[in-house]
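Here the structure comes first, spelled out in C-alpha cells, and everything after it is commentary.
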Amino acid sequence: MTAPIADVLIPLALDQAYSYAVPPELTLAEGDVVQVPLGPRETVGVVWSLRDGAGSNLRRVTGRIGVEALSPALRRLVEWIARYTLAPKGSALAMALRLPEESRTETAKVGVRATGMPPSRMTPARAKVVAVAADGVVRGKRALSLEAGVSAGVVDGLIDDGVLETVALAPERVAEPPDPDHPHDPLSEPQAEAARALIATLTAPPAGGGEAGEAGEGGVTLLEGVTGSGKTEVYFEVVAEALRRDVQSLVLMPEIALTAQFLDRFAKRFGVRPAAWHSGIGGRRRERIRAGVASGEVQVVVGARSALFLPFRQLGLIVVDEEHEGAYKQDDGVCYHARDMAVVRGKLENAAVVLASATPAIETRVNAERGRYRRVVMPERFGGRRLPEIRAIDMRGEKVPRGRYLSPSLVSAIAETNARDEQALLFLNRRGYAPLTLCRACGHRYQCPNCSTWLVEHRFRRALVCHHCGHAERRPEACTECGTFDNLTACGPGVERIAEEVSATFPDKRVIVLSSDFPGGAERLRAELQTVAEGGCDIVVGTQLVAKGHNFPHLTLVGVLDADIGLTSGDPRAAERTFQLLQQVTGRAGRGEKPGRALVQTYQPEHPVIAALLSGDAERFYSEETAAREVAGLPPFGRLAALVISCTDREVAEAHGRALARVAEPPPGVMVLGPAEAPLALVRGRYRFRLLVKTEREIDLQGYLRDWLARGPKVRGNLRVGIDVDPQSFL
Ligand code: ADP
Ligand code: ZN
C-alpha cells in the first residue's frame with residue numbers, strides 16, 4: 001500500500017527537505033505551512049513536494065498551520081536564492097517564513113445591533129438605547145452606550161434579553177487602499193513620457209482594454225534620471241496604473257531612505273500612506289501586513305530589502321529605488337543582493353521591474369547597454385531647475401590650521417549662503433568625533449579588544465566606541481597604558497568634530513548633526529530631518545545618511561569635507577562608490593526653487609573620479625570605469641566570490657584557509673587568490689581570513705564553489721566559512 005509522503009523544508013540551516021507521512025485525515029498541498037516533529041520537539045516547515053510511496057516508517061506531519069501557503073513563485077525564489085548564494089535552502093526559506101514569535105490570534109472586535117425584538121421589560125434607560133439602535137446600524141458596545149447616554153450595563157442587559165445581538169465587526173484594515181486618481185500635481189512632459197514608457201512594460205492587461213493599449217511584456221527597465229528629475233513621481237504614476245489594473249506593487253528602498261517624509265509624499269499622491277515594511281515594524285503589525293499582502297488587501301508595499309520575501313498574491317510591479325545602493329546587499333547569513341533578487345522575483349512573477357537611480361550601478365548600466373534591460377533617461381531636473389554647479393577646493397592651496405578641517409573658501413561660501421537665508425550641508429562620511437584617540441605621552445592608540453579597529457571617540461556619549469562590534473568604553477582621564485593625565489588627543493575628524501568647528505566659526509547659527517547613531521533613535525532622527533526640510537536650521541553636518549533620498553528645499557550649498565576619503569581603500573568598487581556617493585550628496589543642493597552649488601575639498605582634483613564629478617560628465621565616468629572593469633575582468637565582465645574563514649582561534653582559521661587553497665584545483669578561467677588576512681582581521685573576537693575567487697563570465701561559479709568546498713576539510717567547532725557571491729565589501 002502506498003501512502004502520501006510530504007517532503008518538508010524546515011527554516012533552519014539545512015539544505016534537504018525531510019520526509020514525513022501525511023496522516024489520512026489531512027489533505028496537503030505543496031507550499032502549505034505545517035507543523036512537524038523534529039528530534040524531540042515540534043517545528044514549522046513548508047511542504048516542498050508531495051509524492052506517493054511507502055511511508056509507514058516515517059514520522060507524521062502533525063498538522064497544518066493557519067498561515068498562508070507559499071506560492072509557487074515564492075518557493076522558486078527560495079530555491080533560486082539558495083542556489084545562487086550557496087546558502088542552505090532552509091536558511092533562504094527562513095527569510096520568507098518569518099513567523100511572529102508568539103502567534104497571538106487577534107481578538108475580534110464585536111459590535112451590536114437591534115434584533116427587532118421588544119424588551120421583556122422597559123425602563124427609561126432601555127428606551128433610550130432602543131431608540132438609538134432602531135436604525136439597525138451596527139455599533140460598538142461602548143459607542144452605543146455613549147450615544148444613548150446610558151451605562152454599559154444597560155446595553156449588556158439588552159443583549160441578554162435578546163433585544164440586541166452581537167456581530168463581528170470587520171477588522172480594521174492594515175492599509176487603506178491607495179487611490180490612483182487622488183488629485184495631484186500633473187506630470188511634466190518628460191515625466192509623462194518616462195511614465196508611459198514604463199507603463200508599457202506592465203504585464204497586467206489595462207482596465208477596460210482598448211485605447212489604454214495592450215499588456216506589456218514585463219522585463220527590467222532602468223529609470224536613469226539626474227537628481228531632482230522627478231523619478232519618484234514617475235514611478236508613482238506606474239504604481240497608479242498597476243492599481244488600476246488591480247495588481248500589487250512593491251517599492252523597495254534602502255532602509256534609511258524609508259522615511260516619514262517619503263511615506264507622506266506617497267500619501268500626497270495616493271491619499272493614504274502605503275503599508276511600510278522595515279525592521280522597525282513589530283510583531284502583530286508585521287503579521288497583519290503579511291496576511292494583507294497574501295490576501296491582496298494590501299495593494300502597495302513600500303519596504304526595505306526583506307519585503308522581497310512577502311507572499312504577494314498578484315505582484316505586477318517591483319520598483320527598486322536607488323538601485324545602486326550598497327545597502328541592498330545583505331552581508332551576513334544568506335548573502336543576497338536585493339536588487340538582483342528583485343529582478344529574479346520579477347521574472348518568476350511575470351511582473352515588470354523598474355530600477356531607479358541617478359547613478360546606476362556599473363552592472364545595471366552594462367545590462368542596459370547590452371539590451372538585457374530597457375533604459376529610460378531623464379537628463380534634466382524637474383521644472384527647469386538646474387543641477388548644482390560643482391567646484392573643487394584644492395586643499396593644497398588652502399591655509400587650514402592644525403586640527404581644523406574647513407577651508408577658508410568653504411567658510412566664506414557658508415557665510416554667503418546663510419546670509420541669503422539658505423541652508424548649507426557639510427558632508428563627511430564618518431560618525432563620531434574622531435576616528436582615532438592616542439596618548440601624546442606614550443603613543444598608545446586605543447583599539448577595540450574584539451576587533452582590529454581603532455575605537456572612535458563619540459563626544460556626546462563621552463565614550464570610545466567600536467563601529468564593528470559596538471564595544472564601548474568610557475574615554476579615560478588618564479592613559480590606560482602610561483597613566484599620564486589629560487594627555488589623550490583626538491586624531492582626525494568625524495561629524496561631531498566638524499559640528500564643533502562650525503559652531504565655533506558661526507556661533508549664532510543653528511547647527512544640526514545627522515548620522516545614523518543619532519541620540520534618541522529613529523523617531524527623533526525623523527523629527528530632525530523634518531526640521532531641516534522645513535528650514536529650521538542653518539547648517540547641517542551629516543554622514544551619508546543625509547545623502548539619500550531626502551528633499552531639503554532650502555538647501556543651496558553642499559560642502560564635501562574630504563572627497564578623497566573613499567578612494568584609497570583598494571576595493572575594486574571604490575571608484576564607483578565614491579562617484580555615486582559624491583554625485584548623490586552634491587545633488588542635494590538646489591532641489592527647491594533656488595539654484596544650488598557644491599564645493600568639494602580635495603587634495604587630488606585631477607583624480608579621474610573627482611575630475612568626472614567636477615566636469616558633470618557622468619557618461620565619461622561610466623565609460624572609463626566600465627572599460628577598466630572589462631580590462632581587469634571584474635564584474636560584470638567576470639565573476640567574483642569571497643570566502644571568509646573565521647574562528648576564535650587564529651591558527652585554526654588560517655590553517656583552514658590554507659587547506660582549502662590546496663584543494664582549489666582551479667580549472668582554466670578560474671583564479672583563486674589567498675588566503676590572506678582580511679583587512680578587518682579581527683571582528684567580534686573572531687580572526688578572519690579571505691579567499692577570493694575570480695572567474696570568467698561563462699564559468700559556472702556556483703558549481704565550481706560547490707565542488708571545491710566538498711573537497712575541502714570539514715568545518716568543525718566554531719570555525720565558519722562564509723560564502724559571498726558578488727561581494728560588495730572586501731573588508
Ligand atoms: P528624484 O527622485 O529624481 O531625485 P524627485 O522625485 O524627488 O526627484 O523630485 C524632485 C523635486 O521635484 C521634488 O521636490 C518634487 O516634489 C518635485 N516634483 C517632481 N515632479 C513634480 C510634479 N509633477 N509637480 C510638482 N512638483 C514635482
Ligand atoms: Zn569591536
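Tabulated values for the structure
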read-out: 3 or more residues more than 11 Å from Leu426 (Cα to Cα) and of a type in the set (Ser, Thr, Tyr): qualifying strands (runs of 3 or more DSSP E) within the stretch 499-578; value: none
read-out: Only one of Arg59, Arg64 that is farther than 28 Å from Ala351 by Cβ, over 35 Å from the mean Cα position of the chain (by Cα) and charged (D, E, K, R); value: Arg59
read-out: Some residue of the stretch 414-435 being in contact with a Cys (Cβ under 8 Å, 6 or more places away or on another chain) and within 16 Å of ligand 2 (Cβ to nearest atom); value: yes
read-out: Some residue of the stretch 477-486 being assigned to a strand (DSSP E or B) and farther than 25 Å from Ile565 by Cα; value: yes
read-out: Of residues in the stretch 431-485 being at pLDDT 90 or above, of a type in the set (Ser, Thr, Tyr) and in contact with a Leu (Cβ under 6 Å, 6 or more places away or on another chain), the one farthest from ligand 1 (Cβ to nearest atom); value: Tyr446
read-out: Residue under evaluation Val715, criteria (1) crowded, with 17+ Cβ neighbours inside 10 Å; (2) among the aliphatic types (A, V, I, L, M); (3) part of a loop (DSSP other than H, G, I, E, B), criterion not met; value: (1)
read-out: Lone qualifier among Arg475, Arg462 - being on the phi > 0 side of the Ramachandran plot and surrounded by fewer than 20 Cβ atoms within 10 Å (Cβ to Cβ); value: Arg462
read-out: Filter result for the condition that a residue is within 18 Å of the chain's Cα centre (by Cα), under 30 Å from Asn367 (Cα atoms) and part of a loop (DSSP other than H, G, I, E, B), over Val334, Val344; value: Val334
read-out: Residue among Glu500, Glu496 that is away from ligand 1 (no atom under 16 Å from the Cβ), charged (D, E, K, R), at pLDDT 90 or above and buried (at least 21 other Cβ atoms within 10 Å of the Cβ); value: Glu496
read-out: Test: Asp649 is farther than 23 Å from Thr85 by Cα, among the charged types (D, E, K, R) and free of Cβ contacts under 8 Å to residues at least 12 places away in the same chain; value: no
read-out: Residue within the stretch 417-424 that is within 16 Å of ligand 1 (Cβ to nearest atom), at pLDDT 95 or above and closer than 21 Å to Ser515 by Cα present; value: yes
read-out: Matching entry among Thr626, Thr543 (being touching a residue at least 40 places away in the same chain (Cβ under 8 Å), away from ligand 1 (no atom under 16 Å from the Cβ) and within 19 Å of Val513 (Cβ to Cβ)); value: Thr543
read-out: Count of the stretch 261-284 residues which are surrounded by fewer than 16 Cβ atoms within 10 Å (Cβ to Cβ), touching a residue at least 40 places away in the same chain (Cβ under 8 Å) and part of a helix (DSSP H, G or I); value: 3
read-out: Complete set of residues in the stretch 418-450 that are assigned to a loop (DSSP other than H, G, I, E, B) and under 26 Å from the mean Cα position of the chain (by Cα); value: Leu428, Asn429, Arg430, Arg431, Gly432
read-out: Set Thr484, Thr505: member being more than 25 Å from Gly559 (Cβ to Cβ) and touching a residue at least 40 places away in the same chain (Cβ under 8 Å); value: Thr484
read-out: Filter pass, Leu406 being within 16 Å of ligand 1 (Cβ to nearest atom), in contact with a helix residue (DSSP H, G or I) (Cβ under 9 Å, 6 or more places away or on another chain) and either acidic (Asp, Glu) or within 22 Å of Pro605 (Cβ to Cβ) (or both); value: no
read-out: Members of the stretch 629-646 that are under 30 Å from Val377 (Cα atoms), touching a residue at least 60 places away in the same chain (Cβ under 8 Å) and not aromatic (Phe, Trp, Tyr); value: Arg629, Ala632, Gly633, Leu634, Pro635, Pro636, Arg639, Leu640
read-out: Unique match (being surrounded by 17 or more Cβ atoms within 10 Å (Cβ to Cβ), at pLDDT below 95 and more than 16 Å from ligand 2 (Cβ to nearest atom)) among Val226, Val239, Val234; value: Val226
read-out: Ile318 modelled with pLDDT under 95, closer than 19 Å to Leu258 by Cβ and hydrophobic (A, V, I, L, M, F, W, C); value: no
read-out: Among (1) closer than 28 Å to Ile610 by Cβ; (2) under 31 Å from the mean Cα position of the chain (by Cα); (3) touching a residue at least 24 places away in the same chain (Cβ under 8 Å), the one test that Trp454 misses; value: (3)
read-out: Members of the stretch 503-533 found to be among the basic types (Lys, Arg) and either surrounded by fewer than 13 Cβ atoms within 10 Å (Cβ to Cβ) or under 23 Å from the mean Cα position of the chain (by Cα) (or both), listed by number; value: Arg524, Arg526
read-out: Any strands (runs of 3 or more DSSP E) falling wholly within the stretch 1-87 and containing at least 1 residues that are of a type in the set (Phe, Trp, Tyr); value: 18-21, 41-53
read-out: Subset of the stretch 47-79 [closer than 12 Å to Tyr20 by Cβ, surrounded by 13 or more Cβ atoms within 10 Å (Cβ to Cβ) and not basic (Lys, Arg)]; value: Val47, Trp48, Ser49, Leu50, Gly55, Leu58, Val61, Thr62, Gly63
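Each row is one residue, and each column tells you yes or no for (1) closer than 30 Å to Ser516 by Cα; (2) in contact with a strand residue (DSSP E or B) (Cβ under 6 Å, 6 or more places away or on another chain); (3) surrounded by fewer than 14 Cβ atoms within 10 Å (Cβ to Cβ); (4) not small (Gly, Ala, Ser).
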| residue | (1), (2), (3), (4) |
| --- | --- |
| Val354 | yes, yes, no, yes |
| Ala358 | yes, no, no, no |
| Ala361 | yes, no, no, no |
| Asn367 | no, no, no, yes |
| Pro379 | no, no, yes, yes |
| Pro388 | yes, yes, no, yes |
| Gly403 | yes, no, yes, no |
| Pro435 | yes, yes, no, yes |
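The values are calculated or read from the model by the stated rules, or taken from the named source; none is laboratory data. Predicted model, so just to flag it, every value in this text is computed and none were measured. Please note: Cβ atoms are built from the backbone with ideal geometry, for glycine as well, and neighbour counts cover all protein chains shown.
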